[in-house]
Amino acid sequence: MNDEPVDPQATPKEPRRSRRRRVQTVTVETEQGPLQAATDDGAEAGAVDPPQPTPQPLEWDEPTPARRTSEQFFEVEVDIRQQSDQQPSPQAALGHFAAGVIRLIGENLQRMTQAQIERVNSMLQGVDLRDYLDPDFWKGIGMVLRYQIDEQVNFIQRRLRGEYSTDPFGMDREIIEIARPFLTFMYTTWWRVTATGLEHVPAQGRALLVANHSGVLPWDGAMIATAVANEHPAQNERIVRSLHLHWFTTLPVIAPTLAALGQVPGIPENAIRLLEQDELVCVFPEGLKGVGKLFKDRYKLARFGRGGFVQAALRTQAPIIPVAVVGAEEIYPMLANAEGIAKLFGFPYFPLTPFFPWLGLLGVIPLPTRWSITFCPPIATNEYEPAAADDPITVLALSEQVREIIQETINQKLAERTSVF
Amino acid sequence: MTRVLINGAKGMLSARVAQLLSQQDEVIVLGRQLPEAPIGRADWLTAHLDRHQLLELLRAEQIETVVHFDLLGFNEPLPDHETTVQHNVIGTMELLGACRAAGVRHIVLRSHGWIYGASPLNPLFISEEHPIRTQHYRGLLRTLGEVEQIVSDFAARHPQITVTVLRCAPLLNPQSQLIRYLCSPSPQVLFGFDPMIQLLHVDDAAQAVVAAVQQPIGGAFNIAPAQPMPLSQVIRRLGHQPVPVLGPLFDNQPPPGWPFEVDFLRYRCTIDPQRACRLLGWSARYDMATALDSLKPLSPEEERAAAARALDEFLNRRRRTDER
């Protein structure tokens, strides 16, 4: 999807910023000639006098930044807030309001495409974003806000006309982009995930991620996908196609959402088809026994199904990458499984945690534990014949090998861990 | 040159197939009414033949290939169960019997791509070996399941006759009940579900039948566009907004006008046309977006452009016939 050159500085330390930083490098390269991009709206803003010296000197490296990214908007917001704190009260109120608007624009900018960011920048050409007492500031800001609203409306109208595309399995990149900020928030702020070994995940071509499953709701799959999308060294925003329990297909709202996010019902044919199309597939062989695990059984891997995932990997000659997730077991400490209620609703399990169902929907908020996700070195499958998939001995031995690797990695990570939170 | 009988004149598909096949084969269209669209150089017979008359026709014309389209339910709402069984099931049995007696070499049957049933356990793309599950269905799919059973038993018992079954995804035929439902001002869908569906352009379906007639390979073929589309997107592309309703989640009754089981509004039943691609060399030439756009009413400018194109094509054809 993304063919931009990779920024060598984009180390995977700050995942939320690394995506945007690439945008920034591209804009810096094209810093010259902003006027030619100025359209009728932008020309008006561009015709403003050169920026007057601001009342207070600020520590800003560039005198007037020609191109702005959301990061810069956030910096400007902080500056304005600090500056307005020293002003008398009516001006301070205006200053805080201006800072809020700048923040809003910055947040909207994060969701915009490169061309749209260019256009916003051309509108703000020559406007000093710190001088909120200048009428030109408000003119420029008003134009940008109107443009951003128009773009949102256009987007919704286009969706309502059905003008978007999905892949044959139902994955919708636009929906993924909408969900991404939330998942990134859960990843960086809520669970403070540390992902290691991402270099073992191929940037292209097929591979089968095999992970331990835990935590009642399949958050671990979402976090593995976020780790690969945000922190993979190749930064090509590869989408992990997780196989979910086919029971989720029967649930309203959840079924189409999972499909739009690129998740696929866990049926062997689907795994093989995805791998044949050189996708990165993630499976949880423990399945139901993993997610519905009790708190006292945490980090003890359940049986790895019947080795179906090994068969899929052998048939398609895809390398198997064991993944160990630590931290997800404690997000919903499931004390007991109310089987009677589960049977009544037709659920595979019904968790009783210290918070659910006693606190209702509040009990669905997961605990903010600290997570670590370890991607282990791949196990090659191309040394086997595809026919080995029909040999139960090979299949079960490989399955056991993967299980042991994950269990060992989990034990090691648990020993290193100092606190659950 | 093959001698082909097309049984069933109802619907656009039959006419399109006759038109395409008659360019190189000797084609007779047999139906209870006149064909709905031009059928090229094919000949036609408007009658309701009983089994003896059918045998007489097949023998007299030395038919080699029979294309069986004469099944109720594809184009019109089904009459009562008794009539349907009489027409679809008994009618097919009579046709098979006549074909065997007359020494027909190849039979092509049109079936439905949703014959596998909609279920959460379906793989995302169903291949031809997947079992057919229509016993608990009503209407068209149920009788089709029975017809397919009869046809596959017949094929197993008569290896000298090649039997080809084309399981076509629903056709984008404005007369069909499904398309009329999707084109209605506020089509109801199930709240919280949005399965992917495949809809096939009539021309693509006709090409598939022609390919099957010309290459007697036998067996079942899934015929569908490779890239499905979410149901809600289909409705939006046809110019309306889907109306989510809760009722069918509880009583399992399909919303009024939906001609299939309610399951098809909930789970996907998308089929894999790979076998047809590989063996027949067929693939859909229209993707779903283009095929759906062809159903939309044209704007005045588009209409003018289309008219110019059609006129050009017509004059070219006339000139070519004159030269001949």
Give me log10 I(q)/I(0) at q = 0.05, 0.06, 0.07 Å⁻¹ for the protein assembly as shown, Debye formula, one equal scatterer per alpha-carbon, no solvent. -0.35, -0.50, -0.67
Under the 7 Å Cα-to-Cβ spin-label approximation, residue B:157 and residue B:127 lie apart by a distance in nanometres of 3.0 nm
Could you give the length gained on full extension between residue B:119 and residue B:302, defined as 0.36 nm per residue of separation minus the Cα-Cα distance, in nm? 61.8 nm
Residue-wise HN-Hα coupling along segment B:6-20, computed from phi with Karplus coefficients 6.51, -1.76, 1.60 (Hz; x: Gly, Pro): 9, 8, x, 9, 7, x, 5, 4, 4, 5, 5, 5, 4, 4, 5
Given charges at beta-carbon only (K, R positive; D, E negative), |dipole| of the protein assembly as shown in Debye: 1680 debye
Mind giving me the FRET efficiency for residue A:179 and residue B:183? R0 is 30 Å, r the Cβ-Cβ distance, nearest 0.05 is fine. 0.40
Here segment A:163-171 yields Karplus 3J(HN,Hα) values (6.51, -1.76, 1.60; θ = phi - 60°; whole Hz; Gly and Pro given as x) of 8, 8, 10, 10, 8, x, 8, x, 6
Taking just the C-alpha trace of segment A:300-421, give me its Rg and Dmax in Å. 18.4, 53
Nitroxide proxy distance, nm - points 7 Å out along Cα→Cβ at residue A:383 and residue A:188: 4.1 nm
How many nm is it between the label spots at residue B:24 and residue A:306, if each spot is 7 Å from the Cα in line with the beta carbon? 4.7 nm
Could you give the radius of gyration (one decimal) and Dmax (whole number) of the Cα atoms in segment A:363-421, in Å? 16.9, 49
For an R0 of 22 angstrom, estimate the FRET efficiency from the Cβ-Cβ distance between residue B:150 and residue B:50 and round to the nearest 0.05. 0.70
At 222 nm, what helix-only mean residue ellipticity would the protein assembly as shown give, in deg cm²/dmol to the nearest 500, using -39500 (n - 2.57) for each DSSP H run of four or more? -12500 deg cm²/dmol
With bins of 5 Å, the percent of all Cα-Cα pairs of segment A:87-246 per bin from 0 is 1, 7, 13, 15, 14, 13, 12, 10, 7, 5, 3, 1, 0
Over all directions, chain B yields a Cα convex hull whose mean projected area in nm² is 17.6 nm²
With an 8 Å Cα cut-off and a minimum separation of 6 or more residues, compute the relative contact order for chain B in percent. 17 percent
FRET efficiency for residue A:250 and residue B:34, Cβ-Cβ distance as r, R0 = 35 Å, nearest 0.05? 0.15
Convert each backbone phi in segment A:405-421 into a coupling constant with the Karplus relation 6.51 cos²θ - 1.76 cosθ + 1.60 (shift: θ = phi - 60°), then list the ³J(HN,Hα) values in order as whole Hz, x for Gly and Pro. 4, 5, 4, 5, 4, 5, 4, 5, 5, 5, 5, 6, 6, 9, 8, 5, 9
Residues whose built amide H sits under 5 Å from the amide H of residue B:6, excluding neighbours closer than 5 in sequence, are B:28, B:29, B:30, B:67
Compute for segment B:1-63: radius of gyration divided by Kirkwood radius, i.e. Rg/Rh, restricted to C-alpha atoms, rounded to two decimals. 0.95
In what order do A:245, B:246, B:172 fall by count of nearby beta-carbon atoms within 10 Å, going from fewest to most? B:246, A:245, B:172
In angstroms, what radius of gyration and Dmax does segment A:99-191 have, counting Cα atoms only? 16.3, 53
Quick check on the exposure proxy: order A:288, A:280, B:78 from fewest to most C-beta atoms within 10 angstrom. A:288, B:78, A:280
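Since every read-out is calculated from the coordinates, none of them should be taken as a lab result. The model shown is predicted, which means the values in this text are computed figures rather than measured ones. Virtual Cβ from ideal backbone geometry, glycine too; neighbours counted across all protein chains shown.
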